[in-house]
Amino acid sequence: MSDPSFWDEKFADDAYMFGTEPNEFLETQAPLFRPGMAALAVADGEGRNGVWLAGRGLEVTSVDFSSRGLDKARRLAAERGVSLHTVRADLLHWDWPVAAFDAVVSMYIHFAERDRRRVHAAMVAALRPGGVLVLESFNPDQVGRGSGGPPTADLMYTADMLRGDFAALEIDMVEELTFPRPRGRHAGKDVSIVRLVARKP
């Protein structure tokens, strides 16, 4: 899953693998996002979240290491009539911007512990003071559910992990929950996730 060719193959079809509507949890956080804010959509894939943010008037940088995914993100942005700045990069080797964004959005990005801590620290550094982080990922209860996610629990996150990784931020909410997916390829199947909303002092 950390190989760009894996995702290029997944995104090869003209159809959008995860659809073109934003992540449901991200939508519920709409009041956090104001026109003119600079936002970073991390591992944005085919762009559904970055394009949604751009549609709300944010200046969005969409970063992913799949060139095919970014092609589709630019196509979706053009179809929606919004501007999207795309960057092809491996998050583990990217020269992350520092204090450059008012919002960082991280949806379903999974790394083993050492790399997870590095990437999460880079997200914190990328935020400006007052900037907000919105994150959703699978938690270990997801293993075996057949509704998506990494193959092993060591690539999934718990609330305690996130509290530790983002201790430098003011955490507004962090929760673990299981519920039926409302839409997408696995609609109706239970999914176990962890969510975080936090702000940089």
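We did not get these values from a lab; they are worked out from the coordinates using the rules stated. The structure presented is a predicted model; accordingly, all values stated were derived computationally and were not measured. As a convention, Cβ positions derive from the backbone with ideal geometry for all residues, glycine included, and neighbour counts pool all protein chains shown.
Points to keep in mind about this one:
- Residues of segment 134-179 that turn out to be farther than 29 Å from Phe101 by Cα and surrounded by 20 or more Cβ atoms within 10 Å (Cβ to Cβ), as a count: 1
- Residue within segment 53-65 that is closer than 22 Å to Val132 by Cα, charged (D, E, K, R) and assigned to a helix (DSSP H, G or I) present: no
- Annotation note: Cβ proximity below 7 Å between a residue of segment 70-82 that is surrounded by 15 or more Cβ atoms within 10 Å (Cβ to Cβ) and a residue that is of a type in the set (Lys, Arg) and not in a helix (DSSP H, G or I) (sequence gap 6+ or interchain) occurs for Leu70/Arg88.
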